[in-house]
Number of protein chains: 2
Amino acid sequence: MSDRPYHHGDLRRAILAAALDVIATDGPTGLSLRDLARRAGVSHAAPAHHFRDRTGLLTAIAAEGHGLLAAALAEAADLRDAGVRYVRFAREHPAHFQVMFSPELLRAADLELTTARALSAAALTDAIATTAPAEDGTDARLARIAVWSLAHGFATLLLGHNLDGLLGDEDPEEVLRALPMVLFPSV
Amino acid sequence: MSDRPYHHGDLRRAILAAALDVIATDGPTGLSLRDLARRAGVSHAAPAHHFRDRTGLLTAIAAEGHGLLAAALAEAADLRDAGVRYVRFAREHPAHFQVMFSPELLRAADLELTTARALSAAALTDAIATTAPAEDGTDARLARIAVWSLAHGFATLLLGHNLDGLLGDEDPEEVLRALPMVLFPSV
DNA sequence: GGGCAATCTTGTCAGTGTCAAGTTGTGGCC
DNA sequence: GGCCACAACTTGACACTGACAAGATTGCCC
């Protein structure tokens with residue numbers, strides 16, 4: 001309508017960026033395709049061509065997120081480092097993280113999503129396998145559940161500002177590092 | 001409009017029940033005030049009188065959830081039991097749990113919500129204080145973060161069906177009980 | 001029994017997601 | 001170089017939603 005060119009250039013990327021921005025502050029609920037279109041300076045139906053659906057857009061974000069997470073976990077030195085990297089990912093990509101674990105917003109059967117998810121899952125499994133072989137009879141499967149649960153819970157509570165009062169001005173990563181030791185003797 | 005009486009009787013409770021039903025399967029996104037009104041057999045604007053807003057309805061659910069959680073945690077025998085009860089609460093009240101930790105859907109300043117939240121927080125703190133006094137220099141604050149993170153992460157992943165493949169047919173509560181021991185030696 | 005407040009209805013408005021059909025630009029193929 | 005198929009985008013429409021305003025009904029309390 002204005003003096004903008006008919007073709008945006010990289011509308012897909014622009015929409016994704018705007019969506020991440022909105023989700024990071026207002027959550028997936030605050031997302032409006034028409035609003036994203038306005039921000040990108042295109043008509044209200046333009047996003048549909050790239051993502052088909054609202055669900056399609058969120059699914060694309062989740063898939064991208066799993067790719068980023070897999071890359072982050074691939075460089076983990078040991079198991080504890082994997083946990084730290086997991087939380088760091090959640091803090092650096094809060095929108096991705098939130099969407100990745102909201103299954104009711106995603107197209108579960110999407111191929112791009114399922115392969116990306118398999119990738120990040122494998123990265124976590126690898127991090128565990130390389131660090132702690134089951135010398136003491138510890139099940140690798142249980143180890144994965146334990147590390148994943150601890151890191152995921154910490155990250156989720158952190159993003160939801162549920163730990164603000166508890167952490168004070170401490171570095172969350174340092175606190176996370178200390179948690180396993182705290183956990184064991186007391187239980 | 002039909003032969004139903006003008007006054008519903010307990011519309012507030014009916015709307016809440018229907019909302020919990022919808023959220024448990026479709027998440028908070030799938031919630032529609034008009035749909036809830038239809039289910040209860042009232043006009044589309046009736047719910048507003050009890051909850052003011054969509055946000056008001058979700059805030060009421062979150063407050064109720066914190067009350068239920070506080071009651072469940074109050075009976076915890078020890079710290080590990082508190083974790084188990086936390087996860088059990090999440091499984092028995094998935095809609096409450098989901099809404100309670102979606103701050104962007106809630107009216108943060110709501111009095112009923114903040115007092116209920118303080119109640120559940122106190123219950124968790126109590127469970128920790130009674131069980132594990134800081135004999136070995138362990139910070140109670142860290143213990144709370146640790147137990148909360150582990151239980152919260154486990155519950156969240158469980159509800160999101162992220163552990164289905166890992167758990168098999170095992171009892172989630174038993175697996176959770178084993179996690180702290182798994183966690184310590186390997187990290 | 002009369003009024004009054006709580007409860008519920010009807011009507012309306014702007015905003016949204018999605019679909020269908022048309023327009024405009026681009027790259028490739030001869 | 002010209003043409004054509006296809007991708008990218010627009011316009012228009014429809015049903016649905018949350019929210020608001022104003023009116024109707026009901027039960028309760030003095």
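Just so it is clear, none of the values below were taken in a lab; they were calculated from the coordinates. For clarity, every value in this text was computed on a predicted model and none was experimentally measured. Heads up, the Cβs are rebuilt from the backbone with ideal geometry, glycines too, and the neighbour counts pull from every protein chain shown.
Annotations for the structure displayed:
- Loop-resident trypsin sites (Lys or Arg not before Pro) (DSSP state other than H, G, I, E or B) in segment A:40-143 with no more than 13 further Cβ atoms inside 10 Å of their Cβ: A:Arg52.
- Options B:His49, B:Leu111, B:Gly165, ranked by Cα towards positive dipole end of the protein assembly as shown, top entry (Cβ charges): B:His49
- Part-to-part distance (alpha-carbon centres) for segment B:57-125 and segment B:143-187, which is given in Å: 19 Å
- Dipole magnitude of segment B:1-51 about its Cα centre (Cβ charges: Lys, Arg +1; Asp, Glu -1), debye to nearest 20: 120 debye
- Counting Cβ atoms of other protein chains within 10 Å of each residue's Cβ and taking the mean over peptide A:17-26 gives 0.
- Loop-resident sites, segment B:145-187, for GluC sites (Glu not before Pro), counting at most 15 other Cβ within 10 Å (DSSP): B:Glu170
- Under 15 Å from the B:Asp171 label point (7 Å along Cα→beta-carbon), backbone N, segment B:59-88: B:81, B:84-85, B:87-88
- Its DSSP H runs of at least 4 residues, each contributing -39,500 (n - 2.57), put the calculated 222 nm mean residue ellipticity of chain B at -22500 deg cm²/dmol, to the nearest 500.
- Net charge contributed by nearby residues that have their C-beta within less than 13 Å of B:Ala24 (K/R +1, D/E -1): -3
- Cut-off 13 Å between beta-carbons: net charge of the residues surrounding A:Arg88, Lys and Arg +1, Asp and Glu -1: -2
- Residue of B:Leu111, B:Leu58, B:Leu36 that the Gaussian network model of chain B assigns the largest fluctuation, springs spanning Cα pairs under 10 Å: B:Leu111
- Dipole of the protein assembly as shown, positive end: most advanced residue of B:Ala143, B:Ala95, A:Gly153 [Cβ charges, Cα centre]: B:Ala95
- Helix axis angle, A:172-186 relative to chain A longest principal axis, alpha carbon, degrees: 40 degrees
- Residue among A:Gly65, A:Gly168, A:Gly83 with the largest mean-square fluctuation in a Gaussian network model of chain A, springs linking Cα atoms under 10 Å: A:Gly168
- Overall, the protein assembly as shown carries a charge dipole of about 1540 debye about its Cα centre when +1 sits on the Cβ of Lys and Arg and -1 on the Cβ of Asp and Glu, all other atoms neutral.
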